[in-house]
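The values are calculated or read from the model by the stated rules, or taken from the named source; none is laboratory data. Predicted model only: the values in this text are computed from it and were never measured. Don't worry about glycine lacking a Cβ; one is built from the backbone with ideal geometry, like all the others, and counts go over all protein chains shown.
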Amino acid sequence: MGSCISSIGIANPPAQVTQQQAYEFMADAFGLSTDHSKLLKSIYEGSGIETRYTVIDDFSADPADRTFFEPTADLEPFVTTEKRMTLYQQKAIEVAVAAARDCLSRYNESIYSQITHLVTVSCTGMYAPGIDIDLVERLGLSKHTERTCINFMGCYGAINGLKAADHICRAEPNAKVLLVSVELCTLHFQKHNTLDNWVANSLFADGSAAALIENSSNRGSDAPALELKTFYSEFMPESRSEMGWYVGNTGFEMKLTSKVAKQIRKHIKGVTERLLQKAGLEFSNIGAYAIHPGGKKILEAVEQALELPEESNLYAYEVLRQYGNMSSATILFVLNKMMAAGKQLSNTNLVSFAFGPGLTVEGMVLKMQ
């Protein structure tokens, strides 16, 4: 018997920023000319994002009131990696705990003592003893809880987390795995005055999502669930330089070129065919799609390559509009919306993809129970 996602919970920091507020902060920080400001504004307006969440209050604050960035016109001296990681350690656990509690709120309090495994996912910060131990203590889980940390894998990290949870539940039918993804992407704002950096800054946001994964034969609820059917992974060596994530002296530095969407458009149909072949399915057997909304252009590239109507990515567009790209947590936000749809997707096969450095595509087939 396979495993399933029985519940998903989400959480965001309290500070909400509109795209207009984010644009104004960035335009000032970059010291742009009128022409470049217009170009930057067109990027923000065309992002498909209306609001994002952040652990940093400075993006909507008066420059004189900044507490994270320096209250200078050029933000110099610029924030060090150490200061960013200190804030990560303080704030990530708060958002992660909120997501986990939201996920487990559908059950009685005894569910906390039933958790056997904890899988944490993050690429925007790390420390040790880490967020895994902090979660065990803050949630009151058993100190014997088995812990696995998946770090620095980018936007597809949560699918690898689900894969690990699936293996655990298949091997140990009585296991209950809590997966928690937390990403504080806005900690890593960079000032490199390039088009690629402008685009990256226009997309990324902060959030956390948690999922409870169980063996399908031992579910503790009859609520809608997502059965984990098939996983498939592939990377494109010729696209290795198009996306990267590096540790610098002033935070983590994202490399995200304009060619990413083009590479996805070029390769995603073949990847999908190989995923479906592994699952023993055809395109006609798929009733819905859960695509990681890395950006509006990425969603459009998938639609074009697979010849899908825009409404097939309805939930992904909603997440992008409301939350932005929260790296690995984002795909769980999309799946959460699909689970909330419940009976509308009953017995439907879903194809899901997330993308990251490599250029890597992590895919999976799920079925709504």
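Determine which member of the set Glu282, Glu310, Glu318 is closer than 19 Å to Ser202 by Cβ, surrounded by fewer than 17 Cβ atoms within 10 Å (Cβ to Cβ) and touching a helix residue (DSSP H, G or I) at 6+ places or on another chain (Cβ under 7 Å). Of the residues listed, the single one that is closer than 19 Å to Ser202 by Cβ, surrounded by fewer than 17 Cβ atoms within 10 Å (Cβ to Cβ) and touching a helix residue (DSSP H, G or I) at 6+ places or on another chain (Cβ under 7 Å) is Glu318. Selection within the range 173-211: residues that are part of a helix (DSSP H, G or I), in contact with a strand residue (DSSP E or B) (Cβ under 6 Å, 6 or more places away or on another chain) and not acidic (Asp, Glu). The member of this set that is nearest to Lys83 (Cα to Cα) is His188.
For Val271, the conditions (1) surrounded by fewer than 18 Cβ atoms within 10 Å (Cβ to Cβ); (2) modelled with pLDDT of 95 or more all hold with the exception of (1). If only residues of the range 8-62 that are among the acidic types (Asp, Glu) and surrounded by 15 or more Cβ atoms within 10 Å (Cβ to Cβ) are counted, the one that is farthest from Ala209 (Cα to Cα) is Glu24.
Based on what the data block shows, is Thr272 of a type in the set (Ser, Thr, Tyr) and without any contact (Cβ under 8 Å) to a residue 60 or more places away in the chain? Criteria not met by Thr272.
Tallying residues that are touching a residue at least 60 places away in the same chain (Cβ under 8 Å) and of a type in the set (A, V, I, L, M, F, W, C) within the range 122-149 yields 1.
Where helices (runs of 4 or more DSSP H) fall entirely within the range 279-369, those with at least 2 residues that are modelled with pLDDT of 95 or more and closer than 18 Å to Ile268 by Cα are at 296-306. Taking into account only those residues within the range 231-270 that are assigned to a helix (DSSP H, G or I) and β-branched (Val, Ile, Thr), which is nearest to Gly363 (Cα to Cα)? So, considering only residues that are assigned to a helix (DSSP H, G or I) and β-branched (Val, Ile, Thr), the one nearest to Gly363 (Cα to Cα) is Ile268. The criterion of being farther than 24 Å from Pro357 by Cβ, of a type in the set (Val, Ile, Thr) and in contact with a Ser or Thr (Cβ under 9 Å, 6 or more places away or on another chain) holds for Thr116.
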